[in-house]
Structures are given as structure tokens and as C-alpha cells.
1. Just the residues that are in contact (Cβ under 8 Å) with a residue 60 or more places away in the chain and within 24 Å of residue 35 (Cβ to Cβ), please, taken from the stretch 67-91.
2. Criterion first (surrounded by fewer than 19 Cβ atoms within 10 Å (Cβ to Cβ) and within 21 Å of residue 93 (Cβ to Cβ)) does residue 217 satisfy it?
3. From 236, 248, which residue is in a helix (DSSP H, G or I), farther than 13 Å from residue 141 by Cβ and without any contact (Cβ under 8 Å) to a residue 60 or more places away in the chain?
4. Which one of 234, 254 is more than 18 Å from residue 147 (Cβ to Cβ) and surrounded by 12 or more Cβ atoms within 10 Å (Cβ to Cβ)?
5. Is it the case, given these coordinates, that residue 104 is within 17 Å of the chain's Cα centre (by Cα), surrounded by 13 or more Cβ atoms within 10 Å (Cβ to Cβ), more than 22 Å from residue 178 (Cβ to Cβ) and among the aromatic types (Phe, Trp, Tyr)?
6. Checking residue 170 against (1) within 21 Å of residue 244 (Cβ to Cβ); (2) within 13 Å of the chain's Cα centre (by Cα); (3) outside any strand (DSSP E or B), which test does it fail?
7. Could you list, in sequence order, the residues of the stretch 171-197 that are without any contact (Cβ under 8 Å) to a residue 40 or more places away in the chain, surrounded by fewer than 17 Cβ atoms within 10 Å (Cβ to Cβ) and farther than 17 Å from residue 224 by Cα?
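The values are calculated or read from the model by the stated rules, or taken from the named source; none is laboratory data. Note that the structure is predicted; figures quoted are calculated from it, not measured. Every residue, glycine among them, receives a Cβ derived from its backbone with ideal geometry; neighbour counts consider all protein chains shown.
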Amino acid sequence: MVEIISYTDEYLLLKLKEKYIKLGKTPTKDNINADKTMPNASTYRERFGGITRAYEQLGITPNVILDLSFDKVISLAQEYYKKYKTVPSVEDFNNTPNYPHSCYIREILKLKWNQFLILADLPIFTKGDNWIKNRKAELIVKKELLKQGYKVEDLSEENINASHAFIVDNKIKIDVRYSSPIKDQNCEFWKFRVHVASKKYLPDYFVCVGFNEFNQYDKMFLIPTRDITVREVISIRTDRVKNSKYGIYEVGEIKL
């Protein structure tokens with residue numbers, strides 16, 4: 001016999017508020033369903049018409065970060081650095097349990113990511129020659145995505161160490177790789193370093209941008225991550241693209 005549990009409205013709202021305080025941000029349906037101490041998200045839908053309506057009962061705006069103190073957020077960044085021996089990125093904050101979303105720093109504290117890291121007395125992400133070339137490739141891809149009508153969140157704009165370059169239509173993760181021609185035994189190759197094996201957060205697609213010898217855009221390859229075996233480098237001979245196994249991935253327009 002299945003036991004039917006009846007919750008009062010007050011209890012449901014109390015548990016939702018407790019979860020909100022614990023996360024430092026409004027919990028999603030998945031956050032709620034993963035918590036065995038909470039009623040299922042469907043209960044909130046049946047009782048209030050949805051989680052968003054339940055937030056309205058509490059006077060909470062969905063997706064707005066809990067008003068944490070500045071000192072607390074600074075200490076979280078420092079704790080992350082000590083634990084993982086690396087400076088936290090925007091996506092690290094977004095994906096680490098019990099950390100506030102990065103928009104708390106950008107929108108509430110009005111700080112760019114490097115400014116936040118400086119205030120936390122942590123090393124900042126620096127820009128070098130490789131960043132300039134990779135950013136050039138990212139902007140080419142961004143322009144193409146926008147041209148095709150996609151909604152694009154640019155993760156690299158403020159954080160050069162972001163796990164991906166873009167989030168497209170709020171769900172598709174894209175990383176961009178670039179290469180200028182490299183001569184090898186009188187042949188020219190593009191070599192794109194994809195680092196599939198070592199990436200903590202895998203993108204859905206790699207967009208590999210090949211430049212010519214004058215560092216001008218030549219070709220673009222849209223490669224689903226699932227089609228890449230565990231390897232560090234993809235090599236494509238510049239004069240034999242159509243006959244290579246990567247020829248099927250060459251694109252003029254990005255269609256996801």
C-alpha cells in the first residue's frame with residue numbers, strides 16, 4: 001500500500017525557502033528533485049501552479065541571487081583556490097554546489113571577473129598572444145551564430161579561462177579552437193588542440209577555425225564532441241580538406 005503524504009502550504013514554502021538559503025540562489029526543478037528531504041517539484045506545480053508561483057508566495061524573484069555578504073563571496077573564491085589549486089572561473093562558480101551564481105558578482109556587485117579576483121587577492125587571468133588569436137576566432141564564430149539567429153551568451157568576454165566560449169540558446173555549449181597553417185614535411189596542416197581527455201566540462205561542439213598564412217579566416221569546422229575520440233590534437237591538411245575525414249564537418253553556416 002502506497003502512503004500518500006499531505007503537505008501544508010506553509011511546509012512546502014518553508015522547505016523551498018530553506019533550499020534557497022542553502023544554495024545561495026533559487027533552486028531549479030532538478031535541484032529540488034535531487035534533494036531527498038524535499039517534496040518533489042511536481043508537488044509545487046500541483047499546489048501553486050509551478051515553482052515560480054511558489055516563489056511569488058515567498059516574495060522571491062526566480063534566478064535572483066540570495067543577498068550574500070561581499071566578504072562571504074570573497075571567502076568562497078579563496079576557499080576554491082586553496083582546495084583546487086586553481087583560480088575559480090565564472091563557470092566554476094556556476095557549477096560548484098553551494099556557490100552563488102556568477103551573475104551575483106557581475107550584476108549585484110557590479111564587478112568584472114578579474115576585478116573580483118583582485119579583491120579576493122587571487123591571480124587574475126592575463127591576456128597574451130594566444131588569447132588574441134583565439135578571441136579573433138571566437139568573434140568570427142559569434143558573428144556567424146548571431147547571423148543565423150541564435151541567442152549567444154559570450155563566456156570568454158570577461159573570463160579567458162572559461163570552460164567554453166559560448167552558451168547558445170541557453171543550452172548548447174560551444175568551444176572554439178583556432179590554428180594558423182603549420183608546415184610539416186613540405187605540407188601545411190591546421191592543428192586544433194581540443195583537449196577532450198582533460199576537459200572538466202565538455203562542450204557539445206568544437207568549432208575549429210583555420211586561418212591562412214596571413215592570419216586571415218579561411219575555413220570553419222563544426223565538430224560534435226561525440227565524434228571526437230580521446231585525443232589532444234586534430235590535424236587537417238589545408239590542401240586536402242575535402243578528402244580528409246574531417247571534410248564532412250566543414251561549414252559555411254553554423255547549423256546546430
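1. Selection gives 91 alone.
2. Answer is no for this residue.
3. When all the criteria are applied, what remains is 248.
4. 234
5. Yes; evaluated as a whole, the condition is true for this residue.
6. Every condition holds for residue 170 apart from (1).
7. 182, 183, 184, 185, 186, listed by residue number.
Here's the yes/no breakdown for (1) over 22 Å from residue 164 (Cβ atoms); (2) at pLDDT below 85; (3) of a type in the set (S, T, N, Q):
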| residue | (1), (2), (3) |
| --- | --- |
| 68 | yes, yes, no |
| 71 | yes, no, no |
| 74 | yes, no, no |
| 79 | yes, no, no |
| 83 | yes, no, no |
| 86 | no, yes, yes |
| 94 | no, yes, yes |
| 97 | no, yes, no |
| 106 | no, yes, no |
